Structures are given as structure tokens and as C-alpha cells.
Amino acid sequence: MRAIPKLLVGLIVSVALAVPAFGLETFQDEAKAQQHCPKDIVVWLNLPTMIWHYKGQRWFANTKHGAYACEKGERRDSRALTQCQNAGANGRPRMA
């Protein structure tokens, strides 16, 4: 009985990771992302939360489900921009 929920969660995560977030181009390699947008800042996009992290931050390239993306490409999405603006130095939402 427990195998079905695990299978369902695995399927959902697989689909979520296969589809680029908000139509953004994401990369599994930082160098490829930088080649794609040489004049932009490469960020680590945590796909489940849609919060991005900058190089040097604790969660940059250090989450289970994430990918590299170009910051300007990410900023086109207002939801992600709002989450970034509300994020603290560690990339997590600030407490009010």
C-alpha cells in the first residue's frame, strides 16, 4: 500500500524536473548556463520552491531538485521575482 504514494510522488517529481520552470531554459551544468547567457548572472533555481540562489550562498547548487538558469530570464516571471525579493541572504523567505 505504501508503494503507491511513493510511486506517485516519484512520478510528480520526475515530470516537474523534466519540464523547464515557467518555460525557462535550465541547465544541469553551470558552464553551459554561462555560455548561454555570457552577460548575465547564473543562478541556482530550486525548482520545487522557485526560489533562486546566487553563487556563494548556502543553497547554490546544493538542493536536491534544482538547475542553473540565467537571472534575467528568471526575472521575467513576476512570481519568482517576488519570491527572490522576499528572500533573505540564505535565499529563504524572510519572516515578517
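Cβ-Cβ distances below 9 Å connect no pair with a first residue in the range 29-49 that is at positive phi and assigned to a loop (DSSP other than H, G, I, E, B), a second residue that is at pLDDT 95 or above and of a type in the set (Val, Ile, Thr), and a separation of six or more residues or different chains.
Which of the residues spanning the range 60-84 are among the aromatic types (Phe, Trp, Tyr) and either in a strand (DSSP E or B) or at pLDDT below 95 (or both)? Result: Tyr68, single match.
The values are calculated or read from the model by the stated rules, or taken from the named source; none is laboratory data. Because the structure is predicted, anything quoted here is derived from the model rather than measured. Positions of Cβ are backbone-derived with ideal geometry, glycine not excepted, and every protein chain shown enters the neighbour counts.
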